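The values are calculated or read from the model by the stated rules, or taken from the named source; none is laboratory data. Keep in mind that this is a model prediction, so the values were computed, not measured. Cβ: placed from backbone, ideal geometry, glycine included. Neighbour counts: every protein chain shown. These area figures cover heavy atoms from the full protein model, side chains too; ligands, DNA and RNA do not enter into them. Shrake-Rupley method; radii C 1.70, N 1.55, O 1.52, S 1.80 Å.
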Amino acid sequence: MHNDRLNKLRSQMAARKIDAVLVTYMPNVFYLSGFTGSTAAVVVTEESSYILVDPRYSIQAREECKGTEVRDYTSGPTISAAGKLINELKPTTCGFEAGDLTVASHRLLRRTVDERIKLRSTSGLVERLRAVKDSHEIELIRRACEIVDNTFTTITREIRPGLREKDVALTIDFTMRKLGADEVGFETIAATGANSACPHHSPTNAILQFGDLLKMDYGATLDHYNADITRTICLGKPDDKQREIYQIVLDAQIRAIEAIAPGKTGREIDAVARDYITSKGYGENFGHSLGHALGIEVHDGPAFSKSSDIVLEPGMVTTVEPGIYIEGWGGIRIEDDVLVTDTGYEILTSATKEFIGI
Ligand code: ZN
Ligand code: ZN
């Protein structure tokens, strides 16, 4: 598994005439080596790969990183150790992750690495590989999706007017953990009443009132892979306006999902939902992008937005999450996780999208 990933990276390196690459962004380090600790760096050359760890992680790295040679360093920052290893390997050109290295780390790297070795900034090299998931990754995302689906079924039995947003968030987090999540993927959003008009709202002491909307956006992490779901429900019987907006968001979401297929661009899929919402008069109320890639990170990369030129490929996993937010009234978002398949798409989350009133 990791060998396949390293070989794919090597062909990217060859295309860019780089004969070594220093990987410091930790989700990328994990992807290439399997290392789950918090500090390390990976150096990949045409023939070999190395992971640099400090003594806290020596044993762990040897257990987790089977296809990668573990090198221990005992003093100084990871970057100086990486610089010394690069000197030993003597590449002509070594890439580094420009989006991850700080200016200070870059200076230190340049000072440590022999001046005859060229350092070249790369961006998105490993991220591009990560965009297309292998069967092992898809399986983990599927299992994380099951957890968020089952969480929804469980919590809708427990939520009632009178609870606080914080109580709802706590119930969601507890339920996800109880159902097998290793951790929550991000701070759970539970937003009721007018608070639901904020797309990203931290739970407060606001009390759930009869007749109000409740928007919940939460994610489960399982074996380092994520699921991400949003459902909006009504506390009591939805009124006509709530029903109208809910149906527009749902129709926009279904249309966008049904448009997903290899070869389509992120911009095209975004436009399907956005144009539909605009045609119903709520274009101004859908301010964020339609969806993001999902994987080792909850926001695993770009996917669907007005400016996305991503071309869909089988194996990509994305969210599709249109919303309509009206200040003073509230907001409705519906989010599912979708796998791009050879022929189209498969929806990985299956919690009901019926407009529930509880
Ligand atoms: Zn979400
Ligand atoms: Zn999301």
Margin query: How long are the semi-axes of the equivalent ellipsoid of the chain, defined as square roots of 5 times the Cα gyration tensor eigenvalues? Whole Å, largest first.
Written below: 42, 22, 17
Item checked: Cα point-scatterer Debye curve for region 69-120, base-10 log of I(q)/I(0) at q = 0.16, 0.24 Å⁻¹ -> -0.44, -0.97
Note to self: Please list, ordered by chain and number, the residues whose modelled amide H lies under 5 Å from the amide H of Ala303; skip anything fewer than 5 residues away on the same chain.
What the structure shows: Ala293
Check: So which trypsin sites (Lys or Arg not before Pro) in region 89-135 end up in coil per DSSP with only 15 or fewer other C-beta atoms within 10 Å?
Finding: Arg116
Next item on the list: Binning at 10 Å from 0, report for region 2-130 what percent of all alpha-carbon pair distances ends up in each bin.
Entry: 14, 50, 34, 3
Note to self: What are the ³J(HN,Hα) couplings of region 343-358, residue after residue, when phi is run through the Karplus curve with 6.51, -1.76, 1.60 and θ = phi - 60°? Round to Hz, x for glycine and proline.
What the structure shows: 10, x, 8, 9, 7, 8, 9, 9, 4, 4, 10, 4, 7, 7, x, 10
Next item on the list: Name the residue, out of Thr318, Thr153, Thr192, whose mean-square fluctuation peaks in a Gaussian network model built on the chain with Cα pairs under 10 Å.
Entry: Thr153
Checklist line | Accessible-area value, Lys241, 1.4 Å probe, nucleic acids and ligands omitted, Å² | finding: 80
Notebook entry, point to check: How much of the DSSP beta bridge set in the chain is antiparallel, as a percent to the nearest 5?
Noted result: 75
Note to self: Calculate log10 I(q)/I(0) of region 135-347 for q = 0.08 Å⁻¹, where I(q) comes from the Debye formula with a single equal point scatterer on each Cα and nothing for solvent.
What the structure shows: -0.26
Checklist line | Straight-distance crosslink candidates among lysines, where the alpha carbon sits under 27 Å from Lys90 and sequence neighbours closer than 8 are dropped | finding: Lys8, Lys17, Lys66, Lys118
Next item on the list: Would you list, by chain and number, the lysines whose Cα falls below 19 Å from the Cα of Lys241, excluding same-chain residues fewer than 8 positions away?
Entry: Lys215, Lys280, Lys353
Next item on the list: Mind giving me the nanometre distance, one decimal, between the label points for Glu47 and Glu346, set 7 Å out from Cα along Cα→Cβ?
Entry: 4.1
Check: So between Phe186 and Ala261, what do we pick up on full extension, going 0.36 nm a residue minus the alpha carbon distance?
Finding: 24.2 nm
Check: Within the chain, which is the longest segment containing none of the GluC sites (Glu not before Pro) that sit in a DSSP loop and have at most 12 other Cβ atoms within 10 Å?
Finding: 116-326
Next item on the list: Could you check what % of the DSSP bridge pairs in region 2-130 are antiparallel, to the nearest 5?
Entry: 40
Note to self: Roughly how far apart, in whole Å, are the Cα centres of region 73-124 and region 205-241?
What the structure shows: 45
